[in-house]
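Okay, structure first, notes after.
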Amino acid sequence: MKGRKVISAMFLLSIFIVSTINIHAETELENKPEGIEESSIIKNEDHDSYDKIIVDKNSDDADYKSIQKAVDGASTGSTIYVKEGTYNEIVHIYKKINLTGENREKTFINYESKKNGYAVKITVAGVKLSGFSISNDGPGLYATGVKITASQTAMEDCTVFDTPVGIAVWSSKNTISNCIFYGCNDEGIAFLGSPTSECNNNLVTNCVFYDNCDGIELQYSSNNVISYCEFYDNTHAGIDAIGSSNNNNIISHCDLYDNDVFGIYLSRSSGNQITQCMISNNQIMMSSSIDSTIDNCELESIYLRDATLNIKNCENFEESKIKTVNSVYEIYNEENAGNNPVGYKKENGFFLSTILNLIRLRLETIKEWIANKR
């Protein structure tokens with residue numbers, strides 16, 4: 001009897017182990033595209049480990065000639081190293097891997113997607129993408145170079161160009177650094193939240209935006225940091241916050257100049273900070289923007305509509321450069337004013353219009369929430 005009990009226990013244990021392995025495998029591939037068969041990594045004795053995969057479209061000695069096939073064959077944590085060349089393919093990254101191009105100036109992902117499609121899509125957290133030039137010649141106003149729907153993506157040392165939307169971000173806690181954006185007919189980067197889906201706490205740093213419509217656009221996107229970036233010659237705005245609930249964002253150490261309409265446009269938002277920026281030959285526009293702060297910046301002109309703004313320690317900025325409608329602003333200089341503001345202006349009717357705007361914003365948010373629930 002004891003022997004039978006031992007055998008039964010061992011049998012049940014083996015079933016549990018096999019089931020656990022199957023559950024892990026299913027979780028690993030839950031974002032796997034349909035129609036792709038999972039394969040093992042090709043063994044290459046020249047590599048230090050099986051976790052390094054070489055893609056070279058021009059070499060029969062590489063592990064793969066296709067980036068997507070390399071992704072399909074990779075295991076979690078692998079590094080895929082892509083040699084110079086133009087890869088005319090769509091790339092769906094559904095595993096936590098590092099995808100690295102040999103040279104951003106000579107390693108291209110250039111795909112003509114279907115209408116409003118993408119060249120690269122990232123659907124799993126923890127991916128690192130670096131060293132590529134990426135474009136999408138596909139049709140549609142919202143064709144995209146890179147679509148990010150997972151959190152904790154790191155994208156660095158890339159150039160995104162000649163596509164309506166450079167990067168469309170639908171998630172939080174991502175980092176985009178040392179990238180260049182040009183020729184994006186809509187936005188270089190679009191942070192796309194909604195009343196029911198967060199797109200917050202993202203970082204954009206050391207990037208350059210020129211010859212786009214907007215450099216960066218925020219929609220329902222809060223608590224982001226945009227730092228040490230350069231925006232110029234964009235046909236609309238360097239940074240454009242539209243929709244609503246673009247709150248508590250920080251724009252710091254940025255240069256915004258010679259954009260056709262606005263350096264920075266903030267709409268229906270609150271608590272945003274613009275600090276240590278150079279804004280030249282450009283206007284800052286705030287509409288229904290409450291309790292924002294501009295600190296230690298070089299400025300030329302500000303237009304406020306139904307807004308409140310604190311201007312602190314901005315040397316050589318003249319009060320005559322502020323235009324207002326139903327707005328309040330305060331100019332404060334710590335060095336020569338003590339605790340007293342240098343300038344203060346209040347437009348009649350501000351209090352009432354602010355209350356009405358807040359009510360309107362709340363009603364619009366409720367309507368959008370109801371629409372998304374249908």
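Before moving on, here are some points about what is shown:
- Taking the alpha carbon gyration tensor of segment 90-373, multiplying each eigenvalue by 5 and rooting it gives semi-axes of 35, 21, 16 Å, largest first.
- Least to most buried among I250, I176 (fewest other Cβ within 10 Å first): I250, I176
- Under Stokes-Einstein, with the Kirkwood radius over Cα pairs as Rh, the value for segment 44-166 at 37 °C and 0.692 mPa s is 229 µm²/s.
- E300-N206 FRET efficiency (beta carbon distance; Förster radius 30 Å; 0.05 resolution): 0.80
- Listing F262, F191 from fewest to most neighbouring C-beta atoms within 10 Å gives F262, F191.
- Under the combined filter of DSSP loop state and at most 13 neighbouring Cβ atoms within 10 Å, segment 287-335 retains these GluC sites (Glu not before Pro): E315, E318.
- In this simple spin-label approximation, D60 and T149 carry label points 7 Å from Cα along the Cα→Cβ vector, and these lie 3.9 nm apart.
- Cβ-based exposure ranking for Y265, Y81, Y228, in which fewest neighbours within 10 Å come first: Y228, Y81, Y265
- Pairwise label distance in nanometres, T175 with T196, each label 7 Å out on the Cα-Cβ vector: 3.3 nm
- Between the amide H of S288 and those of R268, R305, D306, A307, distances stay under 5 Å, these residues lying 5 or more places away or on another chain, with hydrogens modeled in the peptide plane.
Readers should treat all values here as calculations from the given coordinates under stated rules, not as data from a laboratory. Quick caveat: nothing in here was measured; it's all calculated off a predicted structure. Here the Cβ is made from the backbone with ideal geometry for all residues, glycine too, and neighbour counts use every protein chain on show.
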